[in-house]
Amino acid sequence: MDNDRLSRRGFLGALGVTLAGTAGCQAPGQVDGPATAGTDTAPQSRQSQQSTQSGGSVYTSVYREVADSVVSIRVYSRIGRGSQGSGFLVDDEHVVTNEHVVAGGDEYYVRFADTGWRRVSVVGTDVYSDLAVLRVRSVPESATPLPFVRRDPPVGTRVVAIGNPFGLSGSVSEGIVSGVDRTLRGANNFSIADAIQTDAAVNPGNSGGPLVDLDGDVVGVINAGGGDNVAFAISAQLAQRVVPALVEDGTYRHSYMGVTLQSVEPLIAEANDLRRASGVYIDTIVDGGPSDGVLQGSDGSETINNTEIPVGGDVVRRLDDTPTPTRQALATYLALETSPGDTVDVTIVRDGQTQTVELKLGRRPRP
């Protein structure tokens, strides 16, 4: 096992945890529309170094390694509505999928490649990361837990999406990692940070399935397809923080600053007399939130090129020792490096002066 992989045994133990509109959600018999949601070649994988002695391509090898661990999911509600999606095994009894696949359901069923449908239960959901965990009481011997990669793959890494588009179980599509550290729109106008972008074909029914590299390791949980060869997955890094908490107590607590913000673009820099268009502009402060009395929001606006631009807000340049040149960078640091209750050093530009303030993070409000 190399340093970039989690062992297929003991997913939660490897994480140091002790147990104590969207592309893939599809109503049975129906198809919903897709959600709006420098390239280095990755080192040659172990799979690509091996000859496929029994025929097929490297993608055939990945499929054979992964497919038995991927499930079809059916969800039914008492009011007659249903949906379907995909998921995959992460330990001896837990399957990961998307929150939007199971949302609103009352009965849940999964089917492995060589089994019939079996009823399962939901042990935890998190709308802010669009992740959910199901408990499966009886897992077939052919299904082994899929490991997550420990860090985002390089852009250009070849990947495979395995799932059930349009209810066609065990379907495979291939592509590359087109981008990393993307930000997706989440619930209540919050963002899902650190998403993976791919050009692998993703369609209704794929949601919740794995996006894997050529070693069969999960780089992301498929979330959305936007058409034109653009699809997204919740990153392995975010999943590795959220999933153990969902297994342990059914919920996950996200860090919360209590602000609305936007990346500093040229017009914001001009209106606020900033020497460089970089950083994250604080527009509003939530009353009574963690940033109330610590950070400063807009106190007016200016019109430039017939566009109203907010002025007077702080510009965040760093969180602790991490630069935040964009909103995506700030969101990723909060999502992957902090927890509610942590105190972070926030380096800001206020009234033309650079200073550092301490901010105690809160917990994101329930949706």
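The values are calculated or read from the model by the stated rules, or taken from the named source; none is laboratory data. None of these values were measured; they are calculated from a predicted model. So basically every Cβ, Gly included, is an ideal-geometry build from the backbone, and we count neighbours across all protein chains shown. Just so you know, the surface numbers come from the protein's heavy atoms only, side chains and all, with ligands and any DNA or RNA stripped out. Shrake-Rupley method; radii C 1.70, N 1.55, O 1.52, S 1.80 Å.
Quick notes on this one:
- Number of residues in the range 334-367 that are closer than 19 Å to G186 by Cα and assigned to a strand (DSSP E or B): the value is 2.
- Restricting the range 123-154 to residues that are over 15 Å from V90 (Cβ atoms) and open to solvent by less than 40 Å² (accessible area, probe 1.4 Å), the residue that is modelled with the lowest pLDDT: P140
- Remark: R111 matches the filter, which requires a residue to be in contact with a Ser or Thr (Cβ under 7 Å, 6 or more places away or on another chain) and more than 24 Å from R241 (Cβ to Cβ).
- Check on G227, at pLDDT 95 or above, out of contact with any Leu (no Cβ under 6 Å at 6 or more places or on another chain) and open to solvent by less than 40 Å² (accessible area, probe 1.4 Å): no
- Test: residue in the range 280-302 that is in contact with a helix residue (DSSP H, G or I) (Cβ under 7 Å, 6 or more places away or on another chain), of a type in the set (A, V, I, L, M), buried (at least 22 other Cβ atoms within 10 Å of the Cβ) and under 21 Å from T326 (Cβ atoms): yes
- Of all residues making up the range 292-333, the number that are in a loop (DSSP other than H, G, I, E, B), under 30 Å from the mean Cα position of the chain (by Cα) and within 16 Å of Q262 (Cα to Cα): 7
- Residue list for the range 248-277, restricted to those being out of contact with any Ser or Thr (no Cβ under 9 Å at 6 or more places or on another chain) and either charged (D, E, K, R) or open to solvent by less than 20 Å² (accessible area, probe 1.4 Å) (or both): D249, E265, I268, E270, D273, R275, R276
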